[in-house]
Each structure stands twice: as structure tokens, then as C-alpha cells.
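Here's the structure we're looking at; comments come further down.
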Amino acid sequence: MTLVSKDLLKASEILNREELVAIPTETVYGLAGNIYSDTAIKKIFEMKKRPFFNPLIVHIHSVEQVKDLAVDFPEKAQQLAKVFWPGSLTLILPKNDTVPDLITAGNNTVGIRMPDHALTLELLKNLPFPLAAPSANPFTHISPTKAQHVKNYFDGKLEMVLDGGNCANGIESTIVGFENDEPVVYRLGSISTEEIEKVIGNVSVRNNKEQAPNAPGMLEKHYSPRTKTYLVQDITDFIKQHPEKKIGLLLHSTDHKNFNVSNVIYLTKTGNLKEAASNLYSAMHKMDQLDLDMIIAQRLPNYDLGQSINDRLERATK
């Protein structure tokens, strides 16, 4: 049985002996291990069944730790860190040789972030090493936003879930790197592109790469329920095409007629994109437990966090 607890000393003890602990963040729960332990890092890849070509993100508790991990901290990256750390921003920076290639999938860059969760920041301060922590779910499955989601995935295989309650933001961090000193968004996430651009000006978005990805979350299939999922604009027409099917709907407003389907979950009833992001994975987990024939998600407005949510739903349909 996997222990679900708030016990920081227990979590530290497990991590110090090169085992794994699922940790809470404001985005999703992460499957954490010591970045300098090949044993721990290999266990992360093995437990998730994650391919070794997909790099991991390193979690820190202070900006001062960046110099231990990266050989360069560009001015625009510092500006972003000043505004968004601790928070849902991962920066891709040129890596220090001390960062194992296993973490970076052989890339010469490393992803770094400072999570905005008091319990995990306290844990990180108590450890003599940073933590690698990809989402605590089997590869391509729905990311966990509650301790119970992690337990459902890994009960008996994982020693402990550090219980930090529900994840406030609900989708992964936004990943920003630099190519020829120009900022690039490699993964849309909990911080919108618009928010990033307010701080450092125009950015380009390059968030799809099947071979040797620069960052996590760039693969075509990801964040997927077991139930076949569709992302559509015209829900009424799509439902008509599938009579007799047991359907679940994910909606983001009440501005529509009632649909004659088995189950409806509102990510938000008011069009609040932050609320929709926070509820997305939890709703997908619920739908996936209802023995449906299909899940139909209503496409969100493609701006601000709507762009990030649509990105997750598009990858869930593959």
C-alpha cells in the first residue's frame, strides 16, 4: 500500500535513500527523485514507462540554485524568474556538466522551475539535492491533480505520496527556452503566452516535436484518458453523428441548450479560463471512470489559458 501523508521527514528519508516520492505542486503532482542519483532517475522512467529521450524538469527552492545547474542565466530568463518564480514557469537553460545527461535526455540544456507549493518548497529546503519530478502518472495518461489520482496509478509500487491537497492551477508549467537569444515557448501551460509577452515581449511557440524533444509535453499523444476523446466546436452536430452512444461532455459555459447525454461536467460555467484549467484533469479522471463510449470536449476560445487547455485536449484525442 502506498502511504499518503503530509509527513515531510518521511518524504525526506525516502528520497535520501534513492527512492521516489510523489510531490504536490500548484500545477500537477510530480514523481520525484534525487537528480544526482542514476538509481532514482531510472526508477522515474521505469515507473512511468516514459521513454528516455523525453527530458525531465529539475525542481529547486531558490534562484541561487540556478548557478549549480546552468552555465548561463540570460537577462530575459532572469526577468521571467523574477515575475513568475515560485510558480508555473519552467526555464530551459544551458546545463552545467554536473547535471546528469539522464535528466536532460542528452540535450545540452536543462529545464528548471521553482514550484509554488509551500509543502514542496519546505521539502526541497530540507534536501541536499534538487528533485526531478515529471507528472506522477504513467506515460501519456492523464496528469494527477490530487493525491488519490497518484495512488490510483501506483498503489503498492510507490512508497509515498506527499499529500498537498488539490493542485490549484491544474495543468503543467509553461516551458520557455531561448534560441539565438530569442524566447521560445516549448510547452503551453499554466502561464499564458500573453502573460509571458507582457514581461519580455514577443515569443514564438514551438510546442510539437516527436524526435529528441527540447522539453516535456511536446509529443503528439499525451494527457490521454482510456476513453476515446474528441475535441469539437459543434457539439450538437457531433452528438447527432453518434446515436446510441454513452457520451460524457466537458463544457466551459452554460450558454447552450441541454444535451441529452449520459454525463456532463462543467470545467467552468462562466467561461473563466483559470477555473477551467484548474478543473480539467480532475474532470477527465472522473469521466474516465464512468464506462463511457466517448468523451466530447468543447473547444475553448483559443487565447490566454484557453490555448493551453485546447493543447492538452488535442493531445488527449490522439
(request) Check I295 against each of (1) surrounded by fewer than 22 Cβ atoms within 10 Å (Cβ to Cβ); (2) touching a strand residue (DSSP E or B) at 6+ places or on another chain (Cβ under 7 Å) and name the one condition it does not meet. (result) (1)
(request) Report whether or not V161 is more than 21 Å from P138 (Cα to Cα) and of a type outside the set (D, E). (result) no
(request) Looking for whichever is hydrophobic (A, V, I, L, M, F, W, C), assigned to a loop (DSSP other than H, G, I, E, B), open to solvent by 10 Å² or more (accessible area, probe 1.4 Å) and touching a helix residue (DSSP H, G or I) at 6+ places or on another chain (Cβ under 7 Å) here; the options are I171, I191. Which one fits? (result) I191
(message) What are the pairs with Cβ atoms under 8 angstrom where one residue, in segment 184-205, is closer than 23 Å to N279 by Cβ and in contact (Cβ under 8 Å) with a residue 60 or more places away in the chain and the other, located anywhere, is assigned to a helix (DSSP H, G or I) and of a type in the set (D, E, K, R)? Sequence gap at least six, or different chains.
(response) L188/D311
(message) Contact list please: Cβ distance under 7 Å, first residue in segment 291-307 and over 27 Å from P243 (Cα atoms), second residue open to solvent by 50 Å² or more (accessible area, probe 1.4 Å) and modelled with pLDDT of 95 or more, pairs at least six apart or on different chains.
(response) D304/E194; L305/K274
(message) Among the listed residues V199, V261, V232, identify the single one that is modelled with pLDDT of 95 or more, more than 20 Å from the chain's Cα centre (by Cα) and surrounded by 12 or more Cβ atoms within 10 Å (Cβ to Cβ).
(response) V199
(message) One residue is enough: does segment 13-25 have a residue meeting the conditions buried (at least 24 other Cβ atoms within 10 Å of the Cβ), small (G, A, S), touching a residue at least 24 places away in the same chain (Cβ under 8 Å) and within 27 Å of P94 (Cβ to Cβ)?
(response) no
(request) Go through (1) part of a helix (DSSP H, G or I); (2) under 16 Å from G189 (Cβ atoms); (3) of a type in the set (F, W, Y) and name the single condition Y303 misses. (result) (1)
(message) Conditions first: (1) open to solvent by 50 Å² or more (accessible area, probe 1.4 Å); (2) in a loop (DSSP other than H, G, I, E, B); (3) touching a helix residue (DSSP H, G or I) at 6+ places or on another chain (Cβ under 7 Å); (4) in contact (Cβ under 8 Å) with a residue 12 or more places away in the chain. K274 passes all but one, so which condition is the exception?
(response) (2)
(message) For segment 1-12, give me the residue count where each residue is open to solvent by 10 Å² or more (accessible area, probe 1.4 Å), of a type in the set (A, V, I, L, M) and outside any loop (DSSP other than H, G, I, E, B).
(response) 4
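The values are calculated or read from the model by the stated rules, or taken from the named source; none is laboratory data. This is a predicted model, so every value here is computed, not measured. All Cβ positions, glycine included, derive from the backbone under ideal geometry; neighbour counts span all protein chains shown. Accessible surface is based on the protein model in full, side chains and every heavy atom, while ligands, DNA and RNA are left aside. Shrake-Rupley method; radii C 1.70, N 1.55, O 1.52, S 1.80 Å.
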